[in-house]
Each structure stands twice: as structure tokens, then as C-alpha cells.
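The values are calculated or read from the model by the stated rules, or taken from the named source; none is laboratory data. This one's a predicted model, so the numbers in the text were calculated from it and none came from an experiment. Neighbour counts run over all protein chains shown; Cβ positions are idealised from the backbone, glycine included. Side chains are part of the model used for accessible areas, which takes the heavy atoms of the whole protein and leaves out ligands, DNA and RNA. Shrake-Rupley method; radii C 1.70, N 1.55, O 1.52, S 1.80 Å.
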Amino acid sequence: MTRRPLVAGNWKMNGHRAASAELDALIAAGRPDADVLLCPPFTLVASFAERASGSHVAIGGQDCHAAASGAHTGDISAEMLADAGASAVIVGHSERRADHGEDDSTVRAKAEAAWRAGLTAIVCVGETEAERDAGRTLAVVGAQLAGSVPDAASAANLVVAYEPVWAIGTGRTPVTSEIAEVHDALRASLASRFGADVADGVRLLYGGSVKPANAAEILALENVDGGLVGGASLKASDFLGIIAAA
Ligand code: PGA
């Protein structure tokens, strides 16, 4: 099974309209040997999707509500993201889990919502530093995967991102053998639940301080099919360096 690499940028709460110049630079750089997804803040999703229309750059959201519509002030539904031109949405990012108290069942409901709206769900899992130090990484990540991924997973609708919480925005990354261990375990766990065909097709991204300088060795790992990139996705020049390594 050859999985096409996916490099996804997560802008988090960064980016005003002037940042469309970065999107333009990604588009102008031409079609790489990887899928490219940019997840800007909600305010930019529609304009970026319009700008990127017909190019190789897809646009995604960073979160969605589980419901399609209703009295949820400040929230955005998966249907709204789809209507704005998004094709994917990140769910269960550790910043959402920590800042908004999202647990696995919340994340699972959001992934269901993404599929209901026709979006790819990028489900994030990852251990804290204390959990790693306690030797609980595989147990924590395995439980998050089991609890956060709904039953209707397929190679087309699901991407899983392994993002150690302690590696996000810190400049620290696990050594490649530690990344490989988790990604191998994630693939095995998907295979036992969904069967080999689904598991072989689902793309597993690594995220947490990915940058041009470390992307090649991380993305070369057998079960790492791309990256989820925060800080280094804000500038097209850095992001392109990572995309080139995929
Ligand atoms: P980072 O963030 O690349 O800035 O570490 C990654 C993420 O949180 O998705």
C-alpha cells in the first residue's frame, strides 16, 4: 500500500487577511508529491478556500461542533466549514482537549460530524510529558485512538495525527525511534479494529515541532505519512521546506 503523503498546516489563532500572501506563495510553488492542507482560523477559511480553488492546496478547519446547527454561541459546525469550502477538519487537538475540556467522546462526536458533512477528520492523539515519563505513552495514545475514532472510519475519511503534547510549540521532538514506536502501534491498533485494508490506507501524521531541519528524517519513517505543522506552517518558506521533504 502506498499512501500519498499529507502535509497539513495548523495556523491556530494566527493570521489576518494579509496572510493570504502565504497561501499564494504555497500555490505558486507548484504541485508537490504530497497533499497539502492549510487550516487557517475560521475567519479565513472561506476566503482561503476561494483563493485556493483549483490549486493543489486544500483548506481545512481547526475544530467543529458536533451539531449541524443550533444555539451554540461562538461555535462552527462541520456543515458550515464544508459550505465555506473546507475539505477537512482537525478534531481533538491537545489545545482543544486542554483549553476546552474536550474528552474522547466529544472528539468522537466531532469526527462523526465531520463525516456527516463530507469532511475528512484529522483526529489528534498524544501524551503529556508526565505520561511519557511514567511509561504510559502507548496506553494513553491507544485509549485516545479507541475513544476518539468512530466506527465508520475509512482510509478516505480518517487521518490520525500523533502529537506529543510536550513537543508542541517547544522545539523538542521525540527521537525517531519513539515516533516510530507510536506510529507502529497506532497502525496495529487500527488494523485490529478496522481490518488491514482500512489500517493500511489511513494516513498517520506526526506533529510537534516539525520544521524544515527535522522533517526529512521524521517523514521517512515507514508509518509516518506526513506532518501536522503548527509554527512552521505560518511562513510559506518554512512550510515549503517541510512539504519538499514529504
Ligand atoms: P508546532 O504545533 O508545529 O508549532 O509544534 C503542531 C500542532 O500543534 O499541530
Exercise for the section: For residues that are open to solvent by less than 60 Å² (accessible area, probe 1.4 Å) and hydrophobic (A, V, I, L, M, F, W, C), scanning just segment 217-233, find the one that is nearest to His16 (Cα to Cα). Expected result: Ala232
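Just give me the residues in segment 44-55 being exposed (fewer than 15 other Cβ atoms within 10 Å of the Cβ) and touching a residue at least 24 places away in the same chain (Cβ under 8 Å), in sequence order. First the steps, then the outcome.
Applying the first criterion (exposed (fewer than 15 other Cβ atoms within 10 Å of the Cβ)) to segment 44-55 yields 50, 53-54.
Glu50, Ser53, listed by residue number.
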Handout entry: Unmet criterion (only one of (1) surrounded by 15 or more Cβ atoms within 10 Å (Cβ to Cβ); (2) out of contact with any His (no Cβ under 8 Å at 6 or more places or on another chain); (3) aliphatic (A, V, I, L, M)) for Ala130
Key = (1)
Practice task
Look through segment 2-29, keep the residues that are in a loop (DSSP other than H, G, I, E, B) and more than 16 Å from the ligand (Cβ to nearest atom), and return whichever of them is surrounded by the fewest Cβ atoms within 10 Å (Cβ to Cβ).
Solution key: Thr2
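Hey, could you check segment 65-97 for residues that are within 16 Å of the ligand (Cβ to nearest atom) and part of a loop (DSSP other than H, G, I, E, B) and say which is farthest from Val123 (Cα to Cα)? Give the derivation first.
If we filter segment 65-97 for residues that are within 16 Å of the ligand (Cβ to nearest atom), which is where we start, we get 88-97.
The next check asks that each one be part of a loop (DSSP other than H, G, I, E, B); those that pass are 92-93.
Numbers: Gly92: 6, His93: 7 Å.
By that ranking, first place goes to His93.
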Completion exercise
Checked segment 99-126 for anything within 14 Å of the ligand (Cβ to nearest atom) and either touching a helix residue (DSSP H, G or I) at 6+ places or on another chain (Cβ under 8 Å) or closer than 20 Å to Ala156 by Cβ (or both); matches are Ile122, Val123, Cys124, Val125, Gly126
Problem - Residue count, segment 138-167 (criterion: among the hydrophobic types (A, V, I, L, M, F, W, C), more than 11 Å from Arg203 (Cα to Cα) and touching a Gly at 6+ places or on another chain (Cβ under 7 Å)) - result: 3
Fill in the blank from the handout: Of the residues in segment 107-134, those that are assigned to a loop (DSSP other than H, G, I, E, B) and either free of Cβ contacts under 8 Å to residues at least 40 places away in the same chain or in contact with a strand residue (DSSP E or B) (Cβ under 7 Å, 6 or more places away or on another chain) (or both) come to Gly118, Leu119, Gly126, Glu127, Thr128, Ala134
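Of all helices (runs of 4 or more DSSP H) completely enclosed by segment 135-246, which ones contain at least 1 residues that are closer than 24 Å to Lys110 by Cβ and among the charged types (D, E, K, R)? Quick ask: steps written out before the conclusion?
On the way: elements: 137-148, 176-194, 196-201, 212-219, 236-245.
Counting at least 1 such residues, we get 176-194.
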